[in-house]
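J.: Handing you a structure now.
The values are calculated or read from the model by the stated rules, or taken from the named source; none is laboratory data. Bear in mind that the values here come from a model prediction, so they are computed numbers and not experimental data. Because the Cβ atoms are built from the backbone with ideal geometry, glycine has one as well, and the counts that use them run over all protein chains shown.
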């Protein structure tokens, strides 16, 4: 049996943040990973997706400027784009493991589970530790339908050698909307099916409606308030049937209706760790119902968005919590969420919906910014922002944005909100002009 201060299950961003931080505090640390070193984000998640999205964004800017200085829209070369993606992702597992080796952090590759005595079993190796951190993340959810075995996931999409001429996405959340946008930009016929009439429920309803209009205008077949109930092979294609009786033939069907926590097979019942359908239950110190076992990242049942930066933040928090017995409970800053695409949807802080429920405390500036210089110069077809302002202080405390530049705007506003900058402080700054940052002076 090998002895450690902390054993971490999961070699992704959250687990690695904790591992390197605790190692720097002179703890004996071990990391266990059963799949790819580096985790989902850099291997088959946000990083490779954004590499593909780079071509989509370039195409979008070119489309917007047709007859405004540019002629001819660039076409996406799927083979070349996938080669660029693979050149990046192929380096991640080896590079991550090399980093652990160079740091002198013990690491084990294989499936881990708890024994009844609280030790961790990895193959024939038994690990004992004062504390264990579970950072196993999530995996794509496969809906229980007739023909489930024919469904593909985002993991498959992000590593396709060939993208079929017709593809279908089952679920219009982050994953479905983003992958549908990529496939559409690559010139494919795309069907995007969602079970309700309100996809992307965490985002502002008006901006989601605007985004769906943009997707439809781009040629995506958006079908709401229905669901796929059957997928069956049809030669080298698949026949798709919805609960409304609609049917069509498509090249591939991707399950893009959410993700589920990777908490099965860990033997959590043996060590009295409570779970829900949304993940592992933790307290304000990220401690599970077993006082020596902690959980971070997407595997945790918590209201915060399940995003890579949140997992890393939690990993860094546990470095403090596990080395300082008097550490305060975790406090989350405002967390931006972005749906990437030709038009990006972003949100953080107090939402417009929350603000409208408390009009004595907040007001909302709903601004059509399409004709503001920053958007007019790039011919953004539709740009809109809802800014939530605290009445007492005049400070911006939240925002929802739809535009080709939303990811940049939301990060500027993140800084404004986190630093509690009021209109006077913003106006006293001299920012490069004309830029997205200089627009901050007009949002109040």
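J.: Quick check on residue 322: is it more than 30 Å from residue 186 (Cα to Cα) and surrounded by 22 or more Cβ atoms within 10 Å (Cβ to Cβ)?
T.: Answer is yes for this residue.
J.: Let me ask another. Any chance you could count how many residues in the range 413-430 are under 23 Å from residue 347 (Cβ atoms) and in a loop (DSSP other than H, G, I, E, B)?
T.: 4
J.: While we're on this one: Scan the range 385-393 and give yes if some residue there is more than 23 Å from residue 335 (Cβ to Cβ), modelled with pLDDT of 95 or more and not assigned by TED's automatic domain parsing to the domain that holds residue 59, otherwise no.
T.: yes
J.: Separate question: For the structure I just gave you, tell me whether residue 3 is over 29 Å from residue 175 (Cα atoms), out of contact with any helix residue (DSSP H, G or I) (no Cβ under 9 Å at 6 or more places or on another chain) and in contact (Cβ under 8 Å) with a residue 60 or more places away in the chain.
T.: yes
J.: Let me ask something else about it. Which residues, taken from the range 53-99, are outside any helix (DSSP H, G or I), out of contact with any strand residue (DSSP E or B) (no Cβ under 9 Å at 6 or more places or on another chain) and under 23 Å from residue 186 (Cβ atoms)?
T.: Correct list: 65, 66, 70, 71, 74, 75, 76, 77, 90.
J.: Of the residues in the range 340-364, how many are in a loop (DSSP other than H, G, I, E, B) and touching a helix residue (DSSP H, G or I) at 6+ places or on another chain (Cβ under 7 Å)?
T.: Number of matching residues: 4.
J.: Name every residue in the range 103-118 that is closer than 14 Å to residue 31 by Cα and not in a strand (DSSP E or B), in order of residue number.
T.: If the condition is that a residue be closer than 14 Å to residue 31 by Cα and not in a strand (DSSP E or B), then 103, 104, 105, 110, 111 are the ones that fit.
Listed here are the residues, each with its yes/no results for (1) in contact with a strand residue (DSSP E or B) (Cβ under 6 Å, 6 or more places away or on another chain); (2) surrounded by 18 or more Cβ atoms within 10 Å (Cβ to Cβ); (3) closer than 30 Å to residue 219 by Cβ; (4) not assigned by TED's automatic domain parsing to the domain that holds residue 193.
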residue: 104; (1), (2), (3), (4): no, no, no, yes
residue: 107; (1), (2), (3), (4): yes, yes, no, yes
residue: 110; (1), (2), (3), (4): yes, no, no, yes
residue: 116; (1), (2), (3), (4): no, no, no, yes
residue: 122; (1), (2), (3), (4): yes, yes, no, yes
residue: 133; (1), (2), (3), (4): yes, yes, no, yes
residue: 158; (1), (2), (3), (4): no, yes, yes, no
residue: 162; (1), (2), (3), (4): no, no, yes, no
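J.: What's the number of the condition residue 228 fails, among (1) buried (at least 19 other Cβ atoms within 10 Å of the Cβ); (2) in contact with a helix residue (DSSP H, G or I) (Cβ under 7 Å, 6 or more places away or on another chain)?
T.: (2)
J.: Ok, one more. Is at least one residue of the range 372-389 at positive phi and crowded, with 17+ Cβ neighbours inside 10 Å?
T.: Within the range 372-389, one or more residues are at positive phi and crowded, with 17+ Cβ neighbours inside 10 Å.
J.: Just the residues that are in a loop (DSSP other than H, G, I, E, B), in the same structural domain as residue 288 (by TED's automatic domain parsing) and either under 23 Å from residue 42 (Cβ atoms) or touching a helix residue (DSSP H, G or I) at 6+ places or on another chain (Cβ under 6 Å) (or both), please, taken from the range 300-339.
T.: 302, 304, 305, 306, 307
J.: Inside the range 249-278, can you point out the residues that are free of Cβ contacts under 8 Å to residues at least 60 places away in the same chain, surrounded by 13 or more Cβ atoms within 10 Å (Cβ to Cβ) and assigned to a strand (DSSP E or B)?
T.: Correct list: 275 only.
J.: What is the one condition in (1) touching a residue at least 40 places away in the same chain (Cβ under 8 Å); (2) crowded, with 20+ Cβ neighbours inside 10 Å; (3) in a strand (DSSP E or B) that residue 367 does not satisfy?
T.: All conditions are met except number (2).
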